[in-house]
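What follows is one structure encoded as structure tokens, with my remarks underneath.
Nothing in this text is a laboratory measurement; each read-out follows from the coordinates by a stated rule. The structure presented is a predicted model; accordingly, all values stated were derived computationally and were not measured. Cβ coordinates were reconstructed from backbone atoms using ideal geometry, including for glycine residues, and neighbour counts include every protein chain displayed.
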Amino acid sequence: MRLLESRRCVGCKLQDADLVRADLRDGDLRKARLQRANLSGARLDGANLSGADLSFTSLSGASLRGADLRGALLQGTDLREADLSEALLDTDALSRSHWEKAVGVSTTFQSYASLHNAGADAATQGRYPEAEKFFGDAIRKQPDAAMSWVARGISRTELGKNALAAQDFAYAASLFEQSGQPEPALQLKKASEQLLAPEKKKDAGNGMGSQLLSGVMSAFSYLAPLAAKAFMAF
């Protein structure tokens, strides 16, 4: 009750607290221990949560516009559908949290692994436009990650973007060659060539990507399934 009235609770022990939809705008919660607390739908705009322990805390749908989350522990934190516009975060701060459909999330605060895995999740659910974007963001974080080039290529075949997919597979092949892995490089080159073959140019989506790779890359099935995450964020 004191927290809700004063909106100030520096270093408070609030583990497992039920604060659903609480109004804590501009609150001072520095170094508060909020592990496993339920702050779903809470209003935390401008709140100071620096150094707070938010491990496994639910902030689903919460508004954190302009909140200070620097130094906060966000392991397993549920930030799905939260609004993080202009929030202050450490680099890669969200790499161990759940932030699907969160608003205002910059790739600065996301690790390569979390971006690739978000792409894998989106593709598994058939959300290929989102998957393409996430894999592209992952590639910008780590341009030499062959797995993400392959994954984006698969997503693009599902979207009927065969020419772009062929480019992704060809570049992934070059990365495998550079790393001394000639066999997957050869299979990816074949996949790229098949996508550019005249009879393939007319095809668009409809599962062509997964069908193509399952046939051409059967010996390297670990590359194909988008459901399998290349790097675990947790």
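For a label point 7 angstrom out from the Cα of LYS101 toward its Cβ, which stretches of the stretch 36-73 have the backbone nitrogen within less than 14 Å?
Counting backbone N atoms under 14 Å from the label point, the list is 41, 60-62.
If the limit is 25 Å between Cα atoms, which of LYS13/LYS101; LYS161/LYS190; LYS101/LYS190; LYS101/LYS189; LYS133/LYS161; LYS13/LYS141 go over it? Display every interim value, and only then the final one.
On the way: LYS13/LYS101 29 Å; LYS161/LYS190 17 Å; LYS101/LYS190 36 Å; LYS101/LYS189 35 Å; LYS133/LYS161 13 Å; LYS13/LYS141 37 Å.
Exceeds cut-off: LYS13/LYS101; LYS101/LYS190; LYS101/LYS189; LYS13/LYS141.
Taking square-rooted eigenvalues a ≥ b ≥ c of the alpha carbon gyration tensor, is the stretch 117-162 rounded, prolate or oblate, where a/c under 1.5 means rounded and, failing that, a/b exceeding b/c means prolate?
Working: a/c = 2.06, a/b = 1.37, b/c = 1.50.
Judged from the Cα gyration tensor, the stretch 117-162 comes out oblate (a/c at least 1.5, b/c at or above a/b).
At a 10 Å Cβ-Cβ cut-off, how would you order GLU193, GLU5, GLU130, fewest neighbours first?
On the way: GLU193 14, GLU5 7, GLU130 18.
Lowest count first: GLU5, GLU193, GLU130.
What is the extension gain from GLN178 to ARG2, computed as 0.36 nm multiplied by their sequence separation minus the C-alpha to C-alpha distance, in nm to one decimal? Let's see the in-between values first.
Values: separation 176, 0.36 × 176 = 63.36 nm, distance 6.10 nm.
Difference between extended and current length: 57.3 nm.
Convex hull over the alpha-carbon atoms of the stretch 1-110: what's its volume per residue in Å³?
Values: hull volume 7.3 nm³, N = 110.
Cα-based convex hull of the stretch 1-110, divided per residue, equals 66 Å³.
If I model a spin label as a point 7 Å beyond the Cα along the Cα-Cβ vector, how far apart are those points for ALA163 and VAL20 in nm?
Here the modelled spin labels are 5.3 nm apart.
Taking neighbour counts of Cβ atoms within 10 Å as a proxy for exposure, in what order, fewest first, do ILE139, ILE154 appear? Let's see the in-between values first.
On the way: ILE139 21, ILE154 27.
The order, fewest Cβ neighbours first, is ILE139, ILE154.
Considering the options LEU64, ALA52, ALA82, tell which one lies farthest towards the positive end of the dipole of the stretch 1-110, charges being +1 on Lys and Arg and -1 on Asp and Glu at the Cβ, about the Cα centre.
ALA52
Which of rounded, prolate, oblate describes the stretch 62-194, given a ≥ b ≥ c as roots of the alpha-carbon gyration tensor eigenvalues and a/c under 1.5 marking rounded, otherwise prolate only if a/b is larger than b/c? Walk me through the numbers on the way to the answer.
Numbers: a/c = 3.23, a/b = 2.09, b/c = 1.55.
Since a/c reaches 1.5 and a/b is larger than b/c, the shape of the stretch 62-194 is classed as prolate.
Which of rounded, prolate, oblate describes the stretch 8-63, given a ≥ b ≥ c as roots of the alpha-carbon gyration tensor eigenvalues and a/c under 1.5 marking rounded, otherwise prolate only if a/b is larger than b/c? Before the final figure, lay out each step's value.
Values: a/c = 1.66, a/b = 1.07, b/c = 1.55.
In terms of gyration-tensor shape, oblate.
I need VAL10, VAL150, VAL20 ordered by Cβ neighbour count within 10 Å, fewest first.
Values: VAL10 12, VAL150 29, VAL20 15.
Arranged by neighbour count, lowest to highest, VAL10, VAL150, VAL20 become VAL10, VAL20, VAL150.
How much length is gained if the chain between GLN125 and ASP92 is pulled fully straight, taking 0.36 nm per residue apart and subtracting their Cα-Cα distance, in nm to one decimal?
Details: separation 33, 0.36 × 33 = 11.88 nm, distance 2.49 nm.
Using 0.36 nm per residue and subtracting the Cα-Cα distance, I get 9.4 nm.
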